[in-house]
Amino acid sequence: MSAVALPGETARGRGPDWRRALRALLPAVSLALVLGAIAWINPRVISYFGFTLMLNYAVPIALATLAQMFAMTANDIDLSIGAFVGFICCVVATYLNQSAWLGALLLVACVAGYAALGALIHARNLPSIVVTLGMSFVWQGLAILLLPKPGGHAPIWLQATMSYRPPYVPLPILASLLIAAIAWFGLMRTSYGAILRGAGGNATAIARAGWSMLRAKAILFGLAGLFGVFSGMALVGITGAADAHLGDGYTLLSIAGVILGGGEFVGGVVSPIGAVIGALTLTLASTQLLGFLHIPPDWQVAANGAILVIVLAARVAISQRGKAR
Amino acid sequence: MKSTFATLALVALAGTALSSAAHADTAKMRIAFSNNYAGNSWRQAMLKSYGIVTQKAVKDGIVAAADVFTTADKEVPTQAAQIQNLVLQGYNAIVIDAASPDALNGAIKQACDAGVVVVSFDGIVTEPCAYRVVVDFKAMGEEEVNQMAKFQPKGGNLLEIRGLAGTSIDDAIHQGILEGVKKHPDFKIVSSVTGDWDQTTAQKAVATVLPSLPAIVGVVDQGGDGYGAAQAFAAAGKPRPTIIEGNRQDELQWWKEQKAKDGYQTWSASIAPGVSSLAFWVAQQVLDGRKDIPHDLLVPYLAFTQADFEQELPKIPTGGVASHEYTLDESKAAIKANMK
């Protein structure tokens, strides 16, 4: 993170080092806590088979969380990512399955559309929250047009990829490591990655230094679209068929995942590795841990929400103490 | 790779699975119920029916456990993760009211591969390895229009209230209604709104379109929306049409009041929430070693007419739905009826 000193970070840089270390470690610590709780309740699941089943659905969530993270890097919020993922699922289960070329073309067009959206938001200085909320209805509508009732079929190769069982390390863990490493390298270790983060941290400085903000925003939203496409493909590869509502829950999960992973709503402060860990933690906490706890059905919905609030509150409490210094 | 997976699955299950032969009794077996939504009167009644039957089954020692799991949202990925979770917990069978007929197939297949019996009902799944307890929703939609033709022999304009968009049940009932209208060309659907099987949603949706509509003679719907529609017509000061009801207590109560006032006639039908108990017994029977049960079981919908709805009304709790809990013997009979 120290390659370029971003304004948000220098202000906090005075605090003792262990606090910053704790903050950076918090996503990992919460993941370890949730895993520990699951292992304690049901030790049998800590196995190759257990991890494969438990974390299967974390892969598309992690990808959607990264998509959200790119939007949040530019101080924006993408409220349409869930509906977009649902739409991509429908495209993959219909067009991509029938004709690889037409399907691929449509998916590329979707990414281009997302980039154009970013450019529009910058050029007209529109609030992203309004534009993306509007777009969420567009994506949802297109998805229902494409698949009025659940159906379609995931391409065989995609299903085969998602159900591949690599030796020793379960696929979801391998995939998460790979996704996190790629996003981390691109955003944290390349020079243009620093410019992109600067677009959220100090847009004026970046513009004065001669970088196009329009281009930066378009690229960030294009990346959000790209990871949204990956998320939809991964999701439909697991489910085998699509449904217009498949991604609905991803919007809020992805925002929570970015925040849990150490990101901020403003300032271009994001952490790709943290975001992926955040997505894994949320998946485990909300569905798996709850399932093992045997909470009565009337309370399950509330308990799910409570776990989310507790996990996020812990993260905010620690980072605020860091600020108070 | 596949065989490693299967072996691991067996190892993971070994902790609780009973290692006896096929014709075991089910006293030590555990059946889980994966439910994707609990937010309306029908689902509440369905859970209640399931609870009544399964608690007794556990007490009588027929099964060791019958736990209920409801997902926090109506979404497919959450329920798929839940199914995987239930497999990991080592349940012998999973009864499921599914969020999607196709999109859960990946998770269902994993469960089957791990040796878990899967029985779906209401929201069914298309994965061939699972069992389906199916209510003929399409026939129900068609019958709604047939009944409407009895009450409104001259035909006229109909308002359709749809259920949750994008679900298979909504689509099936809708298709049935379209078939019915084709057979009775005097009727014309002039508008279609989304009521989500919920009285308040239906009331709002109907109230929104009413001012722009011509005179409506009848409302065809999917249940859980009839009372809301009646309220919307009354509030708008429009004449009361023939509203098909869906076995809800508030709907039948309203029907009774109207009947007492001026002999109002209509018809009521819905899937009996107690079908969840039938799904439970099917799972139990399969675990008991029965191999002759067809994977697709068709059960009739529950309908009430002018003659018999008032006898049923006192039996339905306020805010509930007319139901019928299956006993083991009734379930065996229902299975037999499907074995031709």
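Averaging sequence separations of C-alpha pairs under 8 Å and six or more residues apart, then dividing by the length of chain A, give the relative contact order as a whole percent. Please list the in-between numbers first.
Numbers: 526 pairs, mean separation 115.6, N = 325.
Once divided by the residue count of chain A, the mean separation gives 36 percent.
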note = Distribution output for chain A: share of Cα-Cα pairs per 20 Å bin in percent, first bin at 0, values 32, 58, 10
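In whole percent, what relative contact order does the range B:137-270 give with Cα contacts below 8 Å and a gap of six or more residues?
It rounds to 26 percent for the range B:137-270.
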note = For the protein assembly as shown, one quarter of the surface area of the C-alpha convex hull, expressed in nm², comes to 32.3 nm²
key: the range A:67-212: C-alpha gyration tensor shape, a/c 1.5 cut-off, then a/b vs b/c   = oblate
remark   = Restricting to lysines and to Cα separations under 21 Å from B:K150, and discarding same-chain partners fewer than 8 apart, the set is B:K138, B:K182, B:K183, B:K188, B:K256, B:K259, B:K261
ask   = What are the ³J(HN,Hα) values, in whole Hz, obtained from phi via the Karplus relation 6.51 cos²θ - 1.76 cosθ + 1.60 with θ = phi - 60°, for each residue of the range A:269-283 in sequence order, with x given for Gly and Pro?
value = 8, 9, 9, x, 5, x, 4, 5, 4, x, 4, 4, 4, 4, 4
query = How high is the FRET efficiency from B:K183 to B:T318, r the C-beta distance, R0 25 Å, rounded to 0.05?
reply = 0.10
request  = Report, to the nearest 10°, how far helix B:199-209 tilts away from the longest principal axis of the Cα atoms in chain B, using its own Cα long axis and a range of 0 to 90°.
outcome  = 40 degrees
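Apply the a/c threshold of 1.5 to the C-alpha gyration tensor of the range B:137-270 and tell me whether it is rounded, prolate or oblate. All intermediate terms of the calculation are to be shown ahead of the outcome.
Details: a/c = 1.25, a/b = 1.13, b/c = 1.11.
Verdict is rounded for the range B:137-270.
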ask   = Non-local amide H neighbours of B:M29 (under 5 Å, H modeled in plane, Pro and chain starts lacking H): which ones?
value = B:A64
query = What size of dipole, in debye to the nearest 20, comes out for the protein assembly as shown about its Cα centre when the only charges are +1 on Lys and Arg C-beta atoms and -1 on Asp and Glu C-beta atoms?
reply = 2220 debye
query = For the range A:81-98, in order, what is each residue's ³J(HN,Hα) by Karplus, 6.51 cos²θ - 1.76 cosθ + 1.60 with θ = phi - 60°, in whole Hz (x at glycine and Pro)?
reply = 4, x, 5, 5, 4, x, 5, 4, 4, 5, 4, 5, 7, 10, 5, 4, 6, 7
ask   = What does chain B give for Rg and for Dmax, in Å, if only its C-alpha atoms count?
value = 21.5, 71
key: Separation of the B:V209 and B:T327 label points, Cα + 7 Å toward Cβ, nm   = 4.5 nm
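Report the trypsin sites (Lys or Arg not before Pro) located in the range B:228-334 that are in a DSSP loop and have at most 10 other Cβ atoms inside 10 Å of their Cβ, or state none.
Numbers: sites: B:R248, B:K256, B:K259, B:K261, B:R290, B:K291, B:K315, B:K332; in loops: B:R290, B:K291.
When the trypsin sites (Lys or Arg not before Pro) of the range B:228-334 are filtered for loop state and at most 10 Cβ neighbours within 10 Å, B:K291 remain.
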remark   = For the range B:242-303 the translational diffusion coefficient, Stokes-Einstein from a Kirkwood Rh over Cα pairs at 37 °C and viscosity 0.692 mPa s, in µm²/s, is roughly 230 µm²/s
query = Which value at 222 nm does chain B reach when only helices count, each DSSP H run of 4 or more adding -39,500 (n - 2.57), with the total divided by all residues and rounded to the nearest 500 deg cm²/dmol?
reply = -13500 deg cm²/dmol
note = Residues meeting the amide H criterion for B:D136 (H placed from the backbone, H to H distance under 5 Å, 5 or more places apart or on another chain) are B:V299, B:Y301
ask   = What full-extension length gain, to one decimal in nm, is calculated for A:Y164 and A:L177 as 0.36 nm per residue of separation minus the Cα-Cα distance?
value = 3.1 nm
query = Evaluated at 25 °C with a viscosity of 0.890 mPa s, what Stokes-Einstein diffusion coefficient in µm²/s does the range A:12-91 have when Rh comes from the Kirkwood expression over alpha-carbon pairs?
reply = 155 µm²/s
task = Rounding to the nearest 20 debye, state how big the charge dipole of chain A is about its Cα centre with +1 on each Lys and Arg Cβ and -1 on each Asp and Glu Cβ.
result = 960 debye
query = Could you give the angle, 0 to 90 degrees to the nearest 10, between helix B:2-14's Cα long axis and the longest principal axis of the Cα atoms of chain B?
reply = 90 degrees
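Okay, helix-only estimate at 222 nm for chain A: each DSSP H run of n ≥ 4 adds -39500 (n - 2.57), divide by all residues, round to 500 deg cm²/dmol; what do you get?
Numbers: 16 runs with 229 residues, N = 325.
Dividing the helical sum by the residues of chain A leaves -23000 deg cm²/dmol.
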message = Ordering A:F265, A:F227, B:F33 by accessible area with a probe of 1.4 Å, largest first, what comes out?
response = A:F265, A:F227, B:F33
key: Karplus-derived 3J(HN,Hα), 6.51/-1.76/1.60, for each residue of the range A:194-200, Hz, glycine and proline x   = 5, 4, 4, 5, x, 4, x
Distance histogram for the range A:130-284 (every C-alpha pair counted, 10 angstrom bins, percent rounded to whole numbers) = 9, 32, 34, 20, 5, 0
task = Subtracting the Cα-Cα distance from 0.36 nm times the residue separation, let me have the gained length for A:T190 to A:L133 in nm, one decimal.
result = 17.4 nm
ask   = For chains A and B, what's the summed buried accessible area, probe 1.4 Å, to the nearest 100 square angstrom?
value = 3300 Å²
ask   = How large is the charge dipole for the range B:137-270, taken about the Cα centre, if only the Cβ atoms of Lys, Arg (+1) and Asp, Glu (-1) carry charge, to the nearest 20 debye?
value = 460 debye
request  = Name the residues whose placed amide hydrogens come within less than 5 Å of the amide hydrogen of B:T194, ignoring near sequence neighbours (fewer than 5 apart) on the same chain.
outcome  = B:R162
request  = Of the options A:V59, A:T132, A:A180, report the single residue whose Cα projects farthest towards the positive end of the charge dipole of the protein assembly as shown (beta-carbon charges: Lys, Arg +1; Asp, Glu -1).
outcome  = A:A180
inquiry  = Below 8 Å, C-alpha to C-alpha, sequence gap of six or more: please give me the relative contact order for the range B:107-196 in percent.
reply    = 30 percent
message = Calculate log10 I(q)/I(0) of the range B:215-340 for q = 0.10, 0.14 Å⁻¹, where I(q) comes from the Debye formula with a single equal point scatterer on each Cα and nothing for solvent.
response = -0.41, -0.68
query = In peptide A:149-156, what is the residue-averaged number of other protein chain Cβ atoms found within 10 Å of each Cβ?
reply = 5
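The values are calculated or read from the model by the stated rules, or taken from the named source; none is laboratory data. Nothing here was measured: the structure is a model prediction, and the numbers come from that model. Using ideal geometry, Cβ is built from the backbone for each residue, glycine included, and neighbour counts are taken over all protein chains shown. Just the protein is used for accessible areas: all its heavy atoms, side chains included, with ligands, DNA and RNA removed. Shrake-Rupley method; radii C 1.70, N 1.55, O 1.52, S 1.80 Å.
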